[in-house]
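The values are calculated or read from the model by the stated rules, or taken from the named source; none is laboratory data. Computed from a prediction, not measured in an experiment: that's the story for all the values here. With ideal geometry, Cβ positions are generated from the backbone for all residues, glycine too; neighbour counts draw on all protein chains shown.
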Amino acid sequence: MNTQAFREWLLHHATARQLREEALNAPLESILHPSVLRLKYLGAFSLIGHPLFYWIWSTWLPQPYENLWIRCAISVMGGLLMLDWFASEPSLARTQNFFNVVCFIQLPLFFSWMYVMNDRNAVWIASLSAVVLIYFHLTDWRIAAAGSIAGFMLGTALAEGMTRSATLQPATHLVVLAFGWFAGLMLGISGANLRRERLNHSLATIGIMAHEMRTPLSTAGLIADALLMEARRSPEGNRAGKLEKLGQRLNALTRSMNHHIDMQIANARLLQLAQYSDRISAGELISDVVAAYPYRSTRESDCVEVIIHRDFNFRGSRVQFSGVLDNLIQNALHSLQASGSFPKPGDLRIEVGSRGAEGRITVSDRGIGIDAALLQRIFEPFFSSDHGTGHGLGLAFCRRVVVAAKGSIRVKSEPAKGAVFTITLPVDASASHNPDRGDPE
């Protein structure tokens, strides 16, 4: 195949297009299958594994070289993944960056260094090959492909600088390492493709369901418009006011249902969430969302209290953040309903405040709260509680939207004492805000 033919194949062949899309356009997944428990298990394995293998290779099955201090340092570094500061927010940039550093240092870099320090013996060529495969199962195949090569080159260079004489890698070892690297690469690409295919099938199914739901919603919207027209045609009639209220409520309900359909589609597309940089006023956004929310009763709408301590502007998607607030309001109202008491003014409180370069939106309720066992998992994709209160539904989408805006979301709750969701966002420095009036607690 000549160069021109190969170029044509890359540009037009379906397999080549798919590979190019996967390599260049697919978002990086720094942590494959991220979850709190996965990070903590990996941290515990590192914390325990390095001291254990030091004992194995230094005492039980002695190898030419071992170093307790380096083992302990890497063990502690990996053990930091068990801390809630990292593990509780797997999607945050700081967690993903730290995870990448830990994986690079203690997998390809450390094992390549130990491989040379142990005279390139059979134990360490086997260990290094296994580590390469493990690396591809922990992080994005593109990160693992580049990191494993860089780690091998840097680790062997550092080790050869510490030994008396630098020797070439045995050809047989290079073949074994190349086999392990290509096997990991193929498994990584196929795994990423499988996840993408499953996501596409899920999106296709959701799209069909959404289409079927939007048809009756369109009919409901037409009925609402007809009611409003009838009310305006005879404004003096006794029923005109009732018809107008009914039409407005039906229109609001239709808009809300369409919005929730869009939000659930976005929830299924967690790895493909579009990025936006709209300038959004937090106070204005909340006022609009609270006013448009389709409450089931006047008592529900009256229980919502909005407090603007200090408005701020931030960058993100207005539509997506409207979905986030809709979801949090819905969860809070479900929790209040599950508590068995009638909602009172202030039972659902939404506060806005900022301090310096940080803005906060707090949504708190006096509902039944969230079980402590569920708090660590409610932001996981597609995780839902079994109590029917709505907590956990769509919260993975909420976190993805907030993180995309370089923010964070956390929750505090106690059973029977309600829940407090706090969204922290960077203030848009180019936007002005109101005089300082405080910050939500």
For the subset of the stretch 80-98 comprising residues that are among the polar types (S, T, N, Q) and in a helix (DSSP H, G or I), which member is farthest from residue 398 (Cα to Cα)? 97
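Condition (residue is of a type in the set (A, V, I, L, M) and loosely packed, with under 12 Cβ neighbours inside 10 Å) applied to the stretch 149-160: is it met by at least one residue?
no
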Please go through the stretch 106-125 and give me each residue that is in contact (Cβ under 8 Å) with a residue 40 or more places away in the chain and of a type in the set (A, V, I, L, M, F, W, C), ordered by number. 107, 109, 110, 111, 113, 114, 116, 117, 123, 124, 125
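Can you name the residue in the stretch 320-345 that is aliphatic (A, V, I, L, M) and free of Cβ contacts under 8 Å to residues at least 60 places away in the same chain and, of all such residues, is nearest to residue 423 (Cα to Cα)?
The selected residue is 325.
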Residues 32, 42, 24: which one is surrounded by 14 or more Cβ atoms within 10 Å (Cβ to Cβ) and in a helix (DSSP H, G or I)? 42
Got a number for residues in the stretch 418-441 being modelled with pLDDT of 85 or more and farther than 10 Å from residue 354 by Cα? 7
Collect the residues in the stretch 275-305 that are under 25 Å from residue 429 (Cβ atoms) and surrounded by fewer than 17 Cβ atoms within 10 Å (Cβ to Cβ), keeping them in residue-number order. 275, 276, 277, 278, 279, 284, 287, 288
Which residue is nearest to residue 408 (Cα to Cα), if the candidates are limited to the stretch 78-92 and must be surrounded by fewer than 21 Cβ atoms within 10 Å (Cβ to Cβ) and modelled with pLDDT of 80 or more? 85
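Yes/no per residue for (1) assigned to a helix (DSSP H, G or I); (2) surrounded by fewer than 21 Cβ atoms within 10 Å (Cβ to Cβ):
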{"residue": "327", "(1), (2)": "yes, no"}
{"residue": "330", "(1), (2)": "yes, yes"}
{"residue": "335", "(1), (2)": "yes, no"}
{"residue": "342", "(1), (2)": "no, yes"}
{"residue": "345", "(1), (2)": "no, yes"}
{"residue": "350", "(1), (2)": "no, no"}
{"residue": "354", "(1), (2)": "no, no"}
{"residue": "363", "(1), (2)": "no, no"}
Could you grab me the full set of residues in the stretch 337-360 that are modelled with pLDDT of 90 or more and among the hydrophobic types (A, V, I, L, M, F, W, C)? 348, 350, 352, 357
Can you tell which of 139, 95 is under 32 Å from the mean Cα position of the chain (by Cα), polar (S, T, N, Q) and at pLDDT below 90? 95
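Looking only at the stretch 99-122, which residues are farther than 15 Å from residue 154 by Cα and not in a loop (DSSP other than H, G, I, E, B)?
99, 100, 102, 122
Give the residue that is modelled with the highest pLDDT, with candidates limited to residues of the stretch 365-375 that are of a type in the set (D, E, K, R) and surrounded by fewer than 23 Cβ atoms within 10 Å (Cβ to Cβ). Break it down into steps so the answer makes sense when it comes.
Quick first cut of the stretch 365-375, residues of a type in the set (D, E, K, R) only: 365-366, 371.
Add one more test, that the residue is surrounded by fewer than 23 Cβ atoms within 10 Å (Cβ to Cβ), and what stays is 366, 371.
Values: 366: 91, 371: 80.
Among them, the one singled out is 366.
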Just to be sure I understand, how many residues within the stretch 289-320 are within 16 Å of residue 257 (Cα to Cα) and either touching a Pro at 6+ places or on another chain (Cβ under 8 Å) or not in a loop (DSSP other than H, G, I, E, B) (or both)? 6
